[in-house]
Amino acid sequence: MEKVENLDEESKKVFDLYYEKGGNFIDTACSYNLGESERFLGDYVSDKRSDVVISTKFTLNNTTVQKERRFNPNFGGNHRKSLVENLDGSLKRLNMSYVDILYVHVYEYRTPIEEFMRSLDDVVRSGKVNELLSYSVFFYKYY
């Protein structure tokens, strides 16, 4: 396999083909390549923002794998501080004021459901998130 010298350029070619063929949904996360995927995506879609649906995720703690950073227990989980800091970081890396979809990457069952739901509602009401989705929240356990 030959070495690709400029991955960004090769990635843009793939995205261009996807977009030209009608693709408009792009999913990323703060944990994908430690946020670099969000930076790339933000640069790539800056002139296409209203034509694409952007989703990202929160919950996972990137400081667990970053040797140059001190572990920060507040950076992961479903609590308000984690949500706000992760979402603000994602929006900054994406260079956007909102995301179309925010996924709860993992539900950790430590944060009280009232705090969790209030925080999610607050980010939607703030205009930073249009829709919420989840992979692993089993709300039927709360009824």
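Show the residue pairs meeting these rules: Cβ distance below 6 Å; 6+ apart or different chains; first residue within the stretch 1-24 and more than 19 Å from residue 51 (Cα to Cα); second residue in a helix (DSSP H, G or I) and at pLDDT 85 or above.
What qualifies is 4/10.
If you take the residues in the stretch 16-38 that are in a helix (DSSP H, G or I) and modelled with pLDDT of 90 or more, which one is surrounded by the most Cβ atoms within 10 Å (Cβ to Cβ)?
Only one residue fits best here, namely 19.
Which pairs have Cβ atoms under 9 Å, sit 6 or more apart or on different chains, and link a residue in the stretch 87-113 that is among the charged types (D, E, K, R) to one that is open to solvent by 50 Å² or more (accessible area, probe 1.4 Å) and part of a helix (DSSP H, G or I)?
Matching pairs, first to second residue: 93/36; 93/39.
So if I check each of 62, 72, which one is at pLDDT below 75 and either aliphatic (A, V, I, L, M) or open to solvent by 30 Å² or more (accessible area, probe 1.4 Å) (or both)?
Going through 62, 72 in turn, just one is at pLDDT below 75 and either aliphatic (A, V, I, L, M) or open to solvent by 30 Å² or more (accessible area, probe 1.4 Å) (or both): 72.
Kindly indicate the residue of the stretch 86-133 that is open to solvent by 70 Å² or more (accessible area, probe 1.4 Å) and among the acidic types (Asp, Glu) and also farthest from residue 43 (Cα to Cα) among those meeting that condition.
Within the stretch 86-133, the match that is farthest from residue 43 (Cα to Cα) is 114.
The values are calculated or read from the model by the stated rules, or taken from the named source; none is laboratory data. Not measured: the values here are computed from a predicted model. With ideal geometry, Cβ positions are generated from the backbone for all residues, glycine too; neighbour counts draw on all protein chains shown. Calculation scope for accessible area: heavy atoms of the full protein, side chains included, ligands and nucleic acids excluded. Shrake-Rupley method; radii C 1.70, N 1.55, O 1.52, S 1.80 Å.
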